[in-house]
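Contents: one structure, followed by commentary.
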Amino acid sequence: TAYIRSNLTYHSFEALGMFLAAVGLAVAAVPEGLPTIVTIALSIGVMKLVEKNAIIRKLTAVETLGCSTIICSDKTGTLTQNQMTVREILVNNKVIDVSGAGYEPVGKFYIENKEILPEKDETLMLLLKAATLCNDAALIRNTIRGNRWEIIGDPTEGALLTLSAKVSNDFLKEELELTHPRIAEVPFDSKRKAMSTIHTTNGKTYAYVKGAPEQIVNKSTKISLNGQIIDFDNDNRQKTLDINNEMASAALRVLGYAYKEVEKKEEYDENDEKDLIFLGLTGMIDPPRQEVKDALVKVKRAGMKAKMITGDNPKTAIAIANELKLTTGEVNAITGTDLNHMDDKELEEKVEDIAVFARTSPEHKVRICQALKNKGHVVAMTGDGINDARALKIADIGISMGITGTDVTQEASDMILTDDNFATIVNAIEQGREIYGNIRKFIFYLLSSNTGEILTMFFGIMIGFTFGISGNFILPLTAITILWINLVTDGLPATALSVDPPDPHVMEKDPRDPKEGVVPIPLFINMLLIGATMCIGTLIVFAYYLPIDSLDLYLFLGFETNTKAATMAFTVLVMFQLFNVFNCRSQEESAFQLETPNKSLWIAVAISFLMQLLVIYFPPIQVAFHTRELDINDWVIVFLVSSTVLIVSEMYKILLRRRIVSKRRKLAEKILKAES
């Protein structure tokens with residue numbers, strides 16, 4: 001026999017009573033439905049992300065998405081449409097305008113608004129030949145899709161094939177390669193920012209080179225002007241670079257072209273790209289995606305920042321950044337060369353204030369990502385090339401491209417964008433916040449409910465309720481009733497919370513601190529308040545009905561487990577939790593003022609209530625749960641007592657909202673003071 005002291009008296013417990021009390025307390029402490037509901041919530045969330053063109057490869061990424069503070073994005077194809085069109089050509093120190101749009105090879109050539117015939121310009125034809133031969137893309141007519149012209153490969157190279165095809169069908173790549181077969185190539189390299197292809201023509205061998213204008217200019221010693229090859233002097237170099245800057249400032253992506261005759265041999269390398277004959281430049285535009293502007297507005301409202309990391313000219317990058325309003329105020333930009341001159345400590349000091357990184361390499365991406373992480377940011381990084389894999393691995397969220405991304409990059413990533421669109425990243429972050437918010441809602445619901453059960457069982461044991469006739473110890477709840485509450489009555493509402501409609505203001509809040517627990521301190525205090533309310537209400541009702549039960553002849557005959565007091569305690573606790581589920585829809589907002597209704601939740605609560613009625617009124621189930629029928633007066637007490645959990649939580653939320661408003665006001669005053 002064991003003795004527990006309560007209210008200055010000792011109550012005797014039989015071994016069976018102690019065992020049942022222990023089992024009941026153990027069952028109350030375990031939220032049995034939690035693993036299942038978490039799995040359901042994550043699965044539904046991942047399916048919703050797929051609908052929004054984001055494939056999650058690692059489930060942990062769903063949680064991390066909601067913590068993201070910085071998005072580092074490529075420019076071409078992610079912030080822009082990735083449909084390049086050549087607008088301007090520089091040859092013979094003159095700028096030629098080109099008409100047409102998309103990949104349809106239809107357009108005309110103009111100098112100062114006067115149409116010209118490209119065939120009459122020898123240097124222009126050489127440039128177009130270089131642009132077509134030094135190219136790995138293909139321009140095709142898709143007969144299945146209404147004879148649409150499409151490209152296979154890189155959009156930049158596709159735009160060059162379209163440009164050449166505007167002259168004549170003889171300049172289609174497949175036609176040119178019949179007379180200029182490729183025998184070798186020196187692939188593009190992000191360090192030298194150029195590529196070369198080697199072709200034979202009429203017994204001679206030529207190298208055609210294209211790449212970043214600065215690199216091609218530096219590699220060239222001669223220039224083709226009006227069909228004549230002359231020294232590439234400083235005057236012509238400066239003119240070329242000035243026009244390159246003008247094109248870049250107009251948001252054009254600029255490439256340079258050169259060629260030279262080489263010896264035929266087994267292998268070629270970058271040494272064959274020296275002493276070139278410069279041909280000219282092309283400036284093409286890749287218009288920004290319209291939806292990205294709205295996405296960037298969301299980013300700023302959500303307390304995040306976006307940064308552009310591109311291999312393009314800094315002026316082109318800045319022009320696009322300004323058009324998209326990538327950041328408020330002046331756009332700070334640096335180049336890969338600037339990064340090379342910075343040590344890691346200096347980069348950490350400046351990285352937060354830099355919006356655009358231009359002329360960068362994959363190694364620079366790694367350094368930028370690491371510097372941001374060292375400053376405490378949660379970084380989402382995009383990439384598509386093989387060399388981007390390392391940066392994606394280091395980032396908190398590695399994001400690869402589904403259309404242009406390589407298999408290696410996709411394997412290294414946490415998330416794949418099936419449409420290569422920056423707006424999809426923002427949508428995924430929003431969805432990630434919603435998923436985590438819903439997980440937090442039902443975890444709070446289950447834990448607050450279990451807290452109520454634990455406190456009810458604990459204090460029920462400590463008080464030591466006894467039955468009036470026999471003086472035997474009696475518990476307000478049994479193991480089977482607690483299990484019913486946890487698995488059946490709680491399960492459906494918690495599942496409905498996992499699909500709760502999103503908070504319309506979810507992207508107007510700062511990112512969640514990754515170090516913050518699932519139940520932060522304000523939520524923990526609310527959980528204790530709710531648990532205490534459930535405990536006090538349940539035990540008061542139980543204590544109120546025990547003396548009434550002691551006068552019941554049915555119970556006098558030995559059916560002490562079938563007390564109305566136990567049935568009332570069981571039902572009050574169930575109703576407490578059904579009322580509590582509405583508290584859990586928002587941590588701060590009133591349950592009566594939420595903008596988005598949850599029909600699933602109402603259905604789940606209704607089903608749970610009907611199932612509880614079955615337990616109370618359906619005889620076969622009554623036997624299993626040892627319940628008694630309740631009359632209308634009993635139900636009035638049940639609803640009056642259990643609804644108090646709403647009142648207590650609403651009062652706490654009022655205090656919490658006042659505290660939050662006060663904090664925001666102080667922060668706003670601090671910002672205004674700093675700005676003044």
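Structure summary
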read-out	value
Residue tally, condition surrounded by fewer than 24 Cβ atoms within 10 Å (Cβ to Cβ) and either modelled with pLDDT under 90 or under 28 Å from Pro155 (Cβ atoms) (or both), over region 385-404	10
Which listed residue is in a helix (DSSP H, G or I), touching a Gly at 6+ places or on another chain (Cβ under 6 Å) and not assigned by TED's automatic domain parsing to the domain that holds Glu157, from Val38, Val62, Val46	Val62
Residue match in region 569-580 (condition: modelled with pLDDT under 85 and either out of contact with any Cys (no Cβ under 8 Å at 6 or more places or on another chain) or under 29 Å from Leu497 (Cβ atoms) (or both))	no
Which numbered condition Asn633 fails, given (1) polar (S, T, N, Q); (2) buried (at least 16 other Cβ atoms within 10 Å of the Cβ); (3) modelled with pLDDT of 90 or more	(2)
Meets criteria (in contact with a Phe, Trp or Tyr (Cβ under 7 Å, 6 or more places away or on another chain) and either part of a helix (DSSP H, G or I) or modelled with pLDDT of 95 or more (or both)) for Val615	yes
Qualifying helices (runs of 4 or more DSSP H) (wholly inside region 378-480; at least 2 residues being over 29 Å from Phe579 (Cβ atoms) and touching a residue at least 60 places away in the same chain (Cβ under 8 Å))	422-463
Of residues in region 488-515 being polar (S, T, N, Q) and part of a helix (DSSP H, G or I), the one surrounded by the most Cβ atoms within 10 Å (Cβ to Cβ)	Thr489
Residues being buried (at least 22 other Cβ atoms within 10 Å of the Cβ) and either among the aliphatic types (A, V, I, L, M) or within 18 Å of Leu59 (Cα to Cα) (or both) - total across region 444-453	1
Options Glu177, Glu214: the member that is under 18 Å from Leu160 (Cβ atoms) and either surrounded by fewer than 18 Cβ atoms within 10 Å (Cβ to Cβ) or touching a residue at least 12 places away in the same chain (Cβ under 8 Å) (or both)	Glu177
Residue within region 330-347 that is in contact with a His (Cβ under 6 Å, 6 or more places away or on another chain), of a type in the set (A, V, I, L, M) and touching a residue at least 12 places away in the same chain (Cβ under 8 Å) present	yes
Pairs, first over 13 Å from Ala130 (Cα atoms) in region 162-174, second assigned to a loop (DSSP other than H, G, I, E, B) and of a type in the set (S, T, N, Q), C-beta under 9 Å, six or more apart	Lys166/Ser99
Residue match in region 77-86 (condition: at pLDDT below 90, surrounded by fewer than 19 Cβ atoms within 10 Å (Cβ to Cβ) and part of a helix (DSSP H, G or I))	no
Candidates Lys193, Lys166 - the one that is of a type outside the set (Val, Ile, Thr) and more than 24 Å from Leu276 (Cβ to Cβ)	Lys166
Region 98-122: number of residues that are surrounded by fewer than 16 Cβ atoms within 10 Å (Cβ to Cβ), in contact with an Asp or Glu (Cβ under 7 Å, 6 or more places away or on another chain) and closer than 28 Å to Asn142 by Cα	1
All positions within region 507-520 that are more than 17 Å from Phe442 (Cα to Cα) and hydrophobic (A, V, I, L, M, F, W, C)	Met507
Count - residues of region 99-120 that are over 48 Å from the mean Cα position of the chain (by Cα) and assigned to a loop (DSSP other than H, G, I, E, B)	1
Which numbered condition Ile96 fails, given (1) part of a loop (DSSP other than H, G, I, E, B); (2) at pLDDT 90 or above	(1)
Residue that is nearest to Asp286 (Cα to Cα) [pool: residues in region 114-157 that are touching a residue at least 12 places away in the same chain (Cβ under 8 Å) and polar (S, T, N, Q)]	Thr156
Whichever residue in region 180-205 is charged (D, E, K, R) and free of Cβ contacts under 8 Å to residues at least 60 places away in the same chain and, among such residues, is surrounded by the most Cβ atoms within 10 Å (Cβ to Cβ)	Arg182
When residues of region 234-266 are limited to those that are among the charged types (D, E, K, R) and surrounded by fewer than 12 Cβ atoms within 10 Å (Cβ to Cβ), the one nearest to the chain's Cα centre (by Cα)	Asp242
Residue check for Ile334: in contact with a Lys or Arg (Cβ under 9 Å, 6 or more places away or on another chain), in the same structural domain as Ile309 (by TED's automatic domain parsing), within 19 Å of Ser190 (Cα to Cα) and of a type in the set (A, V, I, L, M)	yes
Residue check for Thr240: β-branched (Val, Ile, Thr) and within 30 Å of Thr310 (Cβ to Cβ)	yes
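The values are calculated or read from the model by the stated rules, or taken from the named source; none is laboratory data. It should be emphasised that the depicted structure is a prediction, and the values quoted were computed from it without experimental measurement. Quick reminder, even Gly has a Cβ in these numbers, built from the backbone with ideal geometry, and neighbours come from all protein chains shown.
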